[in-house]
């Protein structure tokens, strides 16, 4: 997957299992390096971020994609990235 940048638009409701030092901040830009499914949240889409590693915060392994908005200059690029995300999620669920 090609990494892409997002901006955090919702940093509320931090789970107790993730320390504040590893929590996202509203208005900050992050780079998504992995897209996955949040099985504890009905299979919603989640992101692993380059800037914050929460692998040691089990069961929390991804940040909910709903906390972010994509940054884009070129709408065709955004469409391409979204298509790749959808394919990756489909592949994971097989």
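The values are calculated or read from the model by the stated rules, or taken from the named source; none is laboratory data. Keep in mind the model is a prediction, meaning the values are calculated, not measured. Using ideal geometry, Cβ is built from the backbone for each residue, glycine included, and neighbour counts are taken over all protein chains shown.
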Exercise. So is residue 15 modelled with pLDDT under 95, in a loop (DSSP other than H, G, I, E, B) and touching a helix residue (DSSP H, G or I) at 6+ places or on another chain (Cβ under 7 Å) or not?
Worked result: no
Exercise. Going through region 4-42 one residue at a time, which ones are closer than 12 Å to residue 64 by Cβ, loosely packed, with under 15 Cβ neighbours inside 10 Å, in contact (Cβ under 8 Å) with a residue 24 or more places away in the chain and more than 13 Å from the chain's Cα centre (by Cα)?
Worked result: 15
Exercise. From the list 74, 53, which one is modelled with pLDDT of 95 or more and exposed (fewer than 13 other Cβ atoms within 10 Å of the Cβ)?
Worked result: 53
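Quick grid of which residues meet (1) part of a loop (DSSP other than H, G, I, E, B); (2) over 13 Å from the mean Cα position of the chain (by Cα); (3) at pLDDT 80 or above:
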site: 46; (1), (2), (3): no, no, yes
site: 58; (1), (2), (3): yes, yes, yes
site: 66; (1), (2), (3): no, no, yes
site: 69; (1), (2), (3): no, no, yes
site: 78; (1), (2), (3): no, yes, no
site: 87; (1), (2), (3): no, yes, no
site: 90; (1), (2), (3): no, yes, no
Exercise. What is the number of the single condition among (1) at pLDDT 90 or above; (2) in a strand (DSSP E or B) that residue 36 does not meet?
Worked result: (1)
